[in-house]
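Asker: Below you will find the structure I want to go over with you.
The values are calculated or read from the model by the stated rules, or taken from the named source; none is laboratory data. Owing to the predicted nature of the structure, the values given are computational and were not obtained by experimental measurement. Cβ coordinates were reconstructed from backbone atoms using ideal geometry, including for glycine residues, and neighbour counts include every protein chain displayed. Just so you know, the surface numbers come from the protein's heavy atoms only, side chains and all, with ligands and any DNA or RNA stripped out. Shrake-Rupley method; radii C 1.70, N 1.55, O 1.52, S 1.80 Å.
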Amino acid sequence: MHRKQQVIAELERALDPTRFVRVHRSFILNLAHVTRVETYAKDSRVVVLADGTRVPVSRAGWARLRPRL
C-alpha cells in the first residue's frame, strides 16, 4: 500500500486502466497483486492482496472489479 498527497481521482486517471481498478473511494488496486475476493457481509466484499493486506470493496467498486477478474 502506498499513500500519496495527490487527489485519488487524478491518480486514477494517470494509471493504466488495464492494470489498476478503483474499488473504493480510498483504494485503487493493482490487479496483479489480487489473490482472492472474500465475502465480508451480505453485500460487502474484501480483496486480499498477495502480501495479506485486506482492502474493502464498495458495491460500485465490485461492479468495476468483477469483470476484470
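Asker: In the stretch 10-36, what residues are open to solvent by 50 Å² or more (accessible area, probe 1.4 Å), closer than 16 Å to ALA63 by Cα and of a type in the set (Val, Ile, Thr)?
Answerer: THR18
Asker: From the list LEU31, LEU11, which one is touching a Lys or Arg at 6+ places or on another chain (Cβ under 7 Å) and modelled with pLDDT of 95 or more?
Answerer: LEU31
Asker: Residues in the stretch 37-60 that are surrounded by 13 or more Cβ atoms within 10 Å (Cβ to Cβ), small (Gly, Ala, Ser) and free of Cβ contacts under 8 Å to residues at least 24 places away in the same chain: how many?
Answerer: Of the residues in that region, 1 qualify.
Asker: Please specify each residue of the stretch 30-69 satisfying the condition of being of a type in the set (A, V, I, L, M), within 15 Å of ARG19 (Cβ to Cβ) and assigned to a helix (DSSP H, G or I).
Answerer: Of everything in the stretch 30-69, those that are of a type in the set (A, V, I, L, M), within 15 Å of ARG19 (Cβ to Cβ) and assigned to a helix (DSSP H, G or I) turn out to be LEU31, ALA32, LEU65.
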